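Peer 1: Have a look at the structure that comes next, please.
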Amino acid sequence: MMLRKATVFLSHLHQMGFCMEHKVAQAARLFNEMVLTGHQPDLYIYTIMANRHCKIGDSNGALRMLREMEKRGFHPDIVAYSAVIDSLCKNKFITEALDLVSEMKGKGIQPDVVTYSSLIRAMCGSGHWNEVKRLFNEMESKNLIPDVVTFSILVDGLCKEGKISEALDVVEIMAHRGLHPNVITYSELINGYCLRNEMDEARKVFDSMVGHGCEPNVFSYTIMINGYCKTNRIDEALELFHEMSQKGPVPNTVTYTTLMGGMFRVGRLLDAQKLFEDMHSCGQVPNSTTYSVLLDGLCKHGRIDVALELFQAMQNSELEPYIIHYNILLDGMIEAGLFGAARKLFSQVLVTGLKPSLPTYNIMIKGICNEGLPEKAYDLFRKMEEDDYFPNNISYNSTIRGFLQSNDMARAMKILHEMVNKGFSADASTAIMLVDLLFINEEDQATYEISQAL
């Protein structure tokens, strides 16, 4: 009976898919049902559950499963430990990961290449290069040979730090050891050059991949397209996109979204909208980021009407808007002078149950001040604190400018002092207004205090 229950449980897990976040709760319910009915999970099932938590980034859940294994008398193996350590590293819980490694060693389980690779990735990401060197040396001392994955992690970390020459040195070391860079290694090198806007060098690496028997994948193409878009070389991005569509891997949602962003960047709105239609016809489903890029591009070019239609389409697609989507629309409306529409949309945010973010408040404070209503802006400024958001430099400067525009020097002065005491300072726009007032009212006490604050 116990075997049958475990078999049913494993069958359900297989049907639900191992990497689907929204299915973890169902898996947890099945797991709990199994325990409550007296059928004890074995080490294999515990490991599966720990892995499921790891795959969705739930380090606490994975660690909880590890502890539950031990409580039930099982001994987690290197696979279980490495999975949890990797999850902790990806969530930047480096101290906890190292503690778990020490615990593992204390139980006589030695880290393998997978474990070290996870730690090296975490150390690269946090810029702890001495630790990276120590881990590599420790691997060598234990006769553990770094593989292509380990070296690719190091190449990625160095490229993201702008250390391209050091990354190329690592690739040379790989060659001396008989290891061939794979598509990930090449892609990370390409990304390194793209981050430095060195697109010609990036293209050389991209073209050299095929010569070394390594076909670019969708990730490689998208990195190149993103690099071209960010340097406004949109025609070259399009050329690569068409090449990709004809003989390369199928462009995915990220590829389309990246290219649309590039088109908006150079003012090619119609091309961006056409690409969005093509994306649909090719079966690629827009995600939250896609809509953010489209809404932002349309709003920045004053097409609020089209942005609102798109926003409605997003809601109809059952993709729930996040606060960032509302922020984009609110900012676009205010920049276009449509404060009434922005105020109405802001009310909708509160009705939907979404919590306004700090940028939401800053956008609305700016809009209210633009309408010549600094007192109402100040009320919202204070309400931020009630919602556990502390005003930042933008909040203070927008509010101060609102009072200055209304010639309310006393209120502007009071908030200016508060801003300085909180460690913030006047931005360029506020400083210009204050300097202008100093010239106009040289003998005024308030302007004298402003000059002291500046």
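The values are calculated or read from the model by the stated rules, or taken from the named source; none is laboratory data. Computed from a prediction, not measured in an experiment: that's the story for all the values here. Ideal geometry is used to build each Cβ from the backbone, glycine not excepted, and the neighbour counts take in all protein chains shown. Keep in mind that these areas ignore ligands, DNA and RNA; they rest on the heavy atoms of the full protein, side chains included. Shrake-Rupley method; radii C 1.70, N 1.55, O 1.52, S 1.80 Å.
Peer 1: As a test of the formula, what do you get for the chain when each DSSP H run with n ≥ 4 contributes -39,500 (n - 2.57) and the sum is divided by the residue count, at 222 nm and rounded to the nearest 500 deg cm²/dmol?
Peer 2: -23500 deg cm²/dmol
Peer 1: Can you give the accessible area of Cys89 in Å² (nearest 10), computed on protein heavy atoms with a 1.4 Å probe?
Peer 2: Counting only protein heavy atoms, the figure is 10 Å².
Peer 1: Now a separate question. Answer rounded, prolate or oblate for the range 238-285, using the Cα gyration tensor with square roots of eigenvalues a ≥ b ≥ c: rounded when a/c is under 1.5, else prolate when a/b is larger than b/c, else oblate.
Peer 2: Because a/c hits 1.5 or more and a/b fails to exceed b/c, the range 238-285 counts as oblate.
Peer 1: Using 5 Å bins from zero, what percent of all Cα-Cα pairs in the range 58-106 falls into each bin?
Peer 2: Taking all Cα pairs of the range 58-106, the binned fractions are 5, 23, 34, 27, 9, 2 percent.
Peer 1: Which whole-number percent is the relative contact order of the chain (Cα, under 8 Å, 6+ apart)?
Peer 2: Across the chain, relative contact order equals 5 percent.
Peer 1: Another question, then. Taking the convex hull of the Cα atoms, report for the chain its projected area averaged over all directions, in nm².
Peer 2: If you wrap the Cα atoms of the chain in a convex hull and average its projections, you get 28.9 nm².
Peer 1: Lys274: which aspartates and glutamates have alpha carbons under 19 Å from its alpha carbon, excluding same-chain residues fewer than 8 sequence positions away?
Peer 2: By straight Cα distance, Lys274 reaches Asp235, Glu236, Glu239, Glu243, Asp296, Asp305, Glu309.
Peer 1: Additional query: Note down the accessible area of Val210, probe 1.4 Å, to the nearest 10 Å².
Peer 2: It works out to around 80 Å².
Peer 1: Leaving out ligands and nucleic acids, note down the accessible area per residue over the chain with a 1.4 angstrom probe, in whole Å².
Peer 2: Each residue of the chain exposes 51 Å² on average to a 1.4 Å probe.
Peer 1: So what are the three principal axis dimensions of the range 233-327 from its Cα atoms, in whole Å, longest to shortest?
Peer 2: Result for the range 233-327: principal-axis Cα extents of 38, 27, 18 Å.
Peer 1: Is there a pair in Lys230/Lys376; Lys92/Lys163; Lys90/Lys355 whose C-alpha atoms are over 30 Å apart, and which pairs would that be?
Peer 2: Lys230/Lys376
Peer 1: What is the calculated FRET efficiency for Asn217 to Asp408, with r their C-beta to C-beta distance and R₀ = 51 Å, to the nearest 0.05?
Peer 2: Approximately 0.30, to the nearest 0.05.
Peer 1: Let me ask another. Stokes-Einstein diffusion coefficient for the range 206-252 at 10 °C in a medium of 1.306 mPa s, Rh from the Kirkwood formula over Cα pairs: what value in µm²/s?
Peer 2: Approximately 147 µm²/s, per Stokes-Einstein.
Peer 1: A follow-up question, please. Have a look at Asn143, Ile234, Thr289 and report the one farthest towards the positive end of the charge dipole of the chain, computed about the Cα centre with Cβ charges (Lys/Arg +1, Asp/Glu -1).
Peer 2: Asn143
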